[in-house]
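Enquirer: Let me give you the structure first, and then I'll get to my questions.
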Amino acid sequence: MSKRKIVTFCITGPLKMRRVDVIQEVQNKTNARWISGVSKNTDYLVSARTDTVKAKNAKKFGTKVINEAELSAFLKKGEFPAVQA
């Protein structure tokens, strides 16, 4: 079995599930680790909107912004795609 790259993700804004449950599910089922803020080391930002401060920072840092539906697809697959640097 090949070792999966650990990717980082951050969440901003409301979600359908409780945030703590989403974070736990992602960390248990995928290769992703939650971090509280967006930086140059953040791979994904989960956000319904692209006009938030975190979303604007994500764009500046090259972080991929995804919505909750895309997050659900990654959970179903069990892996976040590695982001190209």
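Enquirer: What is the chain's relative contact order, in percent, from Cα pairs under 8 angstrom and six or more apart in sequence?
Expert: Values: 123 pairs, mean separation 27.7, N = 85.
Relative contact order here is 33 percent.
Enquirer: Provide the net charge surrounding Gln24, with neighbours chosen by a C-beta distance below 13 Å and charges set as Lys +1, Arg +1, Asp -1, Glu -1. Walk me through the intermediate numbers first.
Expert: Details: positive: Arg18, Arg19, Lys29, Arg33; negative: Asp21, Glu25.
Charge balance near Gln24 sits at +2.
Enquirer: A follow-up question, please. Is it possible to state the helix-based mean residue ellipticity at 222 nm for the chain, with each DSSP H run of 4+ residues giving -39500 (n - 2.57), the sum divided by total residues, to the nearest 500 deg cm²/dmol? What is it?
Expert: That calculation yields -10500 deg cm²/dmol at 222 nm.
Enquirer: Report the FRET efficiency, 1/(1 + (r/R0)^6), for Lys76 and Asn41, where r is their Cβ-Cβ distance and R0 is 30 Å, rounded to 0.05.
Expert: Working: r = 26 Å, r/R0 = 0.86.
My answer for the efficiency is 0.70.
Enquirer: Setting aside same-chain residues fewer than 8 positions from Lys76, which lysines have a Cα under 20 Å from its Cα?
Expert: Lys3, Lys5, Lys16, Lys29, Lys64
Bear in mind that the values in this text are calculations on the coordinates, not laboratory data. Note that the structure is predicted; figures quoted are calculated from it, not measured. When we count neighbours, we look across all protein chains shown, and the Cβ atoms used for this are built from the backbone with ideal geometry, even at glycine.
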